[in-house]
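**Student:** Got a structure for you, questions after.
The values are calculated or read from the model by the stated rules, or taken from the named source; none is laboratory data. Just so you know, these numbers come straight off a predicted model, no measurement behind them. A quick note on method: Cβ atoms are made from the backbone with ideal geometry, for glycine too, and the neighbour counts reach across all protein chains shown.
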């Protein structure tokens, strides 16, 4: 197996573990990974929390009711890193 195939296999196993559960945390992990993969730049945790607190249907913001209850490491494990300055990033570009 070449190195890139091995890396993809490892990331695949990590993602399966994270997303294999039917729970609120699983949905939160999907949302967070989606934000990190699609973002054009590194996002701060406060920006992520602010973004998910917006309900586009009702045009309201609910920081208490719609924010993540656990931190990014609890949601996505070793796929994310918290960098100095409070940015949350995927552990490596190959994770995208």
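**Student:** How about region 38-69: which of its residues are modelled with pLDDT under 90 and closer than 24 Å to residue 87 by Cβ?
**Tutor:** Step one: of region 38-69, the residues modelled with pLDDT under 90 are 63-69.
Scanning region 38-69 gives 63, 64, 66, 67, 68, 69.
Residue by residue, here is whether (1) in contact (Cβ under 8 Å) with a residue 40 or more places away in the chain; (2) within 27 Å of residue 9 (Cβ to Cβ) holds:
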{"site": "42", "(1), (2)": "yes, yes"}
{"site": "46", "(1), (2)": "yes, no"}
{"site": "52", "(1), (2)": "no, no"}
{"site": "55", "(1), (2)": "no, no"}
{"site": "60", "(1), (2)": "no, no"}
{"site": "72", "(1), (2)": "yes, yes"}
{"site": "75", "(1), (2)": "yes, yes"}
{"site": "79", "(1), (2)": "yes, yes"}
{"site": "91", "(1), (2)": "no, yes"}
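**Student:** Given the structure, is residue 29 free of Cβ contacts under 8 Å to residues at least 40 places away in the same chain and under 21 Å from residue 91 (Cα atoms)? Talk me through it step by step, then tell me what you get.
**Tutor:** Details: free of Cβ contacts under 8 Å to residues at least 40 places away in the same chain: no; under 21 Å from residue 91 (Cα atoms): yes.
No.
**Student:** Could you say whether any residue in region 74-90 is over 19 Å from residue 26 (Cα atoms), touching a helix residue (DSSP H, G or I) at 6+ places or on another chain (Cβ under 7 Å) and part of a loop (DSSP other than H, G, I, E, B)?
**Tutor:** Scanning region 74-90, I find at least one residue that is over 19 Å from residue 26 (Cα atoms), touching a helix residue (DSSP H, G or I) at 6+ places or on another chain (Cβ under 7 Å) and part of a loop (DSSP other than H, G, I, E, B), so the answer is yes.
**Student:** Considering only region 53-72, I want to know if a residue exists there that is in a helix (DSSP H, G or I), in contact with a helix residue (DSSP H, G or I) (Cβ under 7 Å, 6 or more places away or on another chain) and surrounded by fewer than 16 Cβ atoms within 10 Å (Cβ to Cβ).
**Tutor:** No - not one qualifying residue is present in region 53-72.
**Student:** Let me ask another. Do we find that residue 34 is within 28 Å of residue 6 (Cβ to Cβ), loosely packed, with under 15 Cβ neighbours inside 10 Å and touching a residue at least 60 places away in the same chain (Cβ under 8 Å) in this structure?
**Tutor:** Against the criterion (within 28 Å of residue 6 (Cβ to Cβ), loosely packed, with under 15 Cβ neighbours inside 10 Å and touching a residue at least 60 places away in the same chain (Cβ under 8 Å)), residue 34 does not qualify.
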